[in-house]
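Asks: Here's a structure for you.
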Amino acid sequence: MESSRILVAGASGLIGSALVTSLRADGHEVVRLVRRAARGADEVCWDPDGRYVDTAALGRIDAVVNLAGAGVGDRRWTDAYKKKIRDSRVLGTTALAEAVASMDVKPRVFVNGSALGYYGETGDRVVDESAPPGTGFLPELCVEWEGATAAAQEAGVRTAFVRTGLVVGKHGGAWGKLFPLFKAGLGGRMGDGRQFWSYIALHDEVAAIRHVVETDGLEGPFNLTAPDPLTNREITAAMGRVLHRPTLFAVPAPVLQAVLGEMAGDILGSARVVPKRLLESGFTFAFPDIEGAIRAAL
């Protein structure tokens, strides 16, 4: 893709920071949305809770990538924090979509974050992008989150949703918490370990987002997860092999539920999700297997 000017929301997060680094390394101009006064030409102020974007400062934008949102795994899901999780995604996406729709020269693509939480509990059933949403907080959130892009879609902007799995990265997300435990020899399966975890290497996550941005015609949902989901038990064993540590410390489901509350359902639940549309679009994974993904993160 020729050099483009790309607006990124959520640029300071695990995925966003890696995406910005990748884009800039290839000569693209990245403009980051920030919640304070802009300090340079590469920043634009916004207030997602107030549904405000400084559109006057945007200038020409070729693509928008929205990865903003409060961390789902950052703290226990109280009613207040669940509201923050929802508002940070739905209100922020609405603000961005409305800003995109209001521009005289609109970006050619709007890629919006989403999550595999869309599908809810799938057990050992394999699901792809054609599956309906599940029930509960996360599926309902994802439906509303994706729906908040309506203004951009109605304005004729190509819009895609990247339903991201568990990102294997060292400095954030679920794996950012798992690595220290396993390195200390305290890692182990969670619950009975039979639940499927749909994971993706951080490198492939960034490459897949760029693929969706750069490939004309790609719109709608795309599952960003490695082709072969594994059980928590299998992933635990792989962590032990790669890190050369024992994996003896199983965490019983009641303990997780006591410590994490409602959020424990996301860890104990099973999501066997495959990236059908991503593969059909010609994307190739650099780290399709779990051991390669773990090694890439170290």
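The values are calculated or read from the model by the stated rules, or taken from the named source; none is laboratory data. Keep in mind the model is a prediction, meaning the values are calculated, not measured. For neighbour counting, all protein chains shown are included, and Cβ atoms are generated from backbone atoms with ideal geometry for every residue, glycine included. Protein only, heavy atoms only, side chains kept; ligands, DNA and RNA dropped before computing areas. Shrake-Rupley method; radii C 1.70, N 1.55, O 1.52, S 1.80 Å.
Asks: Have a look at Ala97, Ala80, Ala155 and tell me which one the Gaussian network model of the chain (Cα, springs below 10 Å) gives the largest fluctuation.
Replies: Judging by the Gaussian network model, the answer is Ala80.
Asks: Report the FRET efficiency, 1/(1 + (r/R0)^6), for Asp87 and Glu280, where r is their Cβ-Cβ distance and R0 is 25 Å, rounded to 0.05.
Replies: 0.15
Asks: Could you work out [θ]222 nm for the chain from helices alone, using -39500 (n - 2.57) per DSSP H run of at least four and dividing by all its residues? Round to the nearest 500 deg cm²/dmol.
Replies: -11500 deg cm²/dmol
Asks: For Phe161, what residues show an amide H to amide H distance below 5 Å, using hydrogens built from the backbone and excluding near sequence neighbours?
Replies: Long-range HN contacts for Phe161: Asn112, Gly220, Phe222.
Asks: Which Cα, out of Gly173, Ala160, Leu7, lies furthest along the positive dipole direction of the chain (beta carbon charges, K/R +1, D/E -1)?
Replies: Gly173
Asks: Would you mind pulling out the separation of the Cα centroids of region 282-298 and region 60-103, in Å?
Replies: Each part's Cα centre sits 28 Å from the other's.
Asks: With a 1.4 Å probe and every protein chain kept in, tell me what percent of the accessible surface of the chain is carbon plus sulfur.
Replies: Heavy-atom surface of the chain belonging to carbon and sulfur, 1.4 Å probe: 53 percent.
Asks: Whole-Hz Karplus ³J(HN,Hα) for region 268-280, in order, using 6.51 cos²θ - 1.76 cosθ + 1.60 and θ = phi - 60°, x for Gly and Pro?
Replies: My calculation for region 268-280 gives 7, x, 10, 10, 9, 10, 10, x, 4, 5, 5, 5, 5 Hz in order.
Asks: Follow-up. Can you list residues from other chains, or at least 5 along the same chain, whose modelled amide H is less than 5 Å from the amide H of Val30?
Replies: Correct list: Ile6.
Asks: Taking only protein heavy atoms and a 1.4 Å probe, what accessible area per residue, in Å², does region 1-100 have with all protein chains in place?
Replies: Accessible surface, normalised per residue, equals 45 Å².
Asks: Kindly work out what percent of the DSSP beta bridges joining two residues of the chain are antiparallel, to the nearest 5.
Replies: 10
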